[in-house]
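Okay, structure first, notes after.
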Amino acid sequence: MHQKLIIDKISSILEATDSSYDGKLTQLLDAAKRIYIAGAGRSKLVGNFFAMRLVHSGYDVSVVGEVVTPSIKSGDLLIIISGSGETEQLIAFTKSAKKVGASIILISAKSSSTIGDMAEAVFTIGSADQYGKLLGMPMGTVFELSTLVFLEATVSHIIHDKGITEELMRERHANLE
């Protein structure tokens, strides 16, 4: 019963998400010198999933907040994952990136927010009216799982579009595990 509830809800969110986003996001990724991904809490974990798959796909990616993350510069792309677009730490990251001339994308549940106002593009996952309280999917679960599936589908688009084989992705996978 609960699996169906979750799958049905994620499906409805993704059906309400602009179907051109995967292509638009791929173009922005391809145009960037380097890619930085930031989120807070569970959205950061979703970002980590995406960062790993992008590395496997051949992109130069860093996760904001790691001790080895280099400084962001003009020509780089910062992807912020935030359901609200109002997380203070992520606002600070956005301001810093904007100050040096980096491009900013927000992936959010809201079409308008503080971060969204500073971003070049906002990818709204679903529509605002789909994010009311839902028993069994508390505290952002709907946004996080829907965003995870959206980003995995974007990676699927990238590897299909570019002809990236699983064997090539495995060569890029960490081997010090």
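Here each label is just a point 7 Å from Cα along the line to Cβ, and for VAL67 and HIS173 those points are 2.7 nm apart.
Could you list, in their original order, any pairs among LYS33/LYS99; LYS44/LYS110; LYS24/LYS95; LYS33/LYS98; LYS24/LYS44 whose Cα atoms are separated by more than 19 Å?
Details: LYS33/LYS99 17 Å; LYS44/LYS110 17 Å; LYS24/LYS95 23 Å; LYS33/LYS98 15 Å; LYS24/LYS44 22 Å.
Over 19 Å apart, Cα to Cα: LYS24/LYS95; LYS24/LYS44.
Scaled against 2.2 N^0.38 Å for its residue count N, the alpha carbon radius of gyration of the range 2-172 is 1.00.
Taking neighbour counts of Cβ atoms within 10 Å as a proxy for exposure, in what order, fewest first, do SER12, SER156 appear?
Working: SER12 15, SER156 12.
Exposure proxy ranking, most exposed first: SER156, SER12.
Among ALA153, ALA119, TYR59, which residue has its Cα furthest toward the positive end of the charge dipole of the chain, with +1 on Lys/Arg Cβ and -1 on Asp/Glu Cβ? Final value for the positive-end residue is ALA119. Helix-only arithmetic for the chain: the sum of -39500 (n - 2.57) across DSSP H runs with n ≥ 4, divided by the residue total, places the mean residue ellipticity at 222 nm at -15000 deg cm²/dmol. Is any residue of the range 90-127 close enough, with backbone N under 19 Å, to a label point placed 7 angstrom from the Cα of ARG34 along the Cα-Cβ axis, and if so, which? From the range 90-127, the list is 93-105. The Cα atoms of the range 76-155 cover 42, 27, 18 Å along the three principal axes, with the biggest extent listed first.
Each Lys and Arg adds +1 at its Cβ and each Asp and Glu adds -1 at its Cβ; summed about the Cα centre, the chain shows a dipole of about 380 debye. Scan the range 69-159 for trypsin sites (Lys or Arg not before Pro) in coil per DSSP, keeping those whose Cβ has at most 13 other Cβ atoms within 10 Å, and list them by number. Taking the range 69-159 and a limit of 13 other Cβ atoms within 10 Å, the loop trypsin sites (Lys or Arg not before Pro) found are LYS73, LYS133.
Computed from the coordinates by the stated procedures, all read-outs in this text should not be read as laboratory data. In this text, all values refer to a predicted model and were calculated from it rather than measured experimentally. Positions of Cβ are generated from backbone atoms using ideal geometry, with glycine treated the same way; all protein chains shown enter the neighbour counts.
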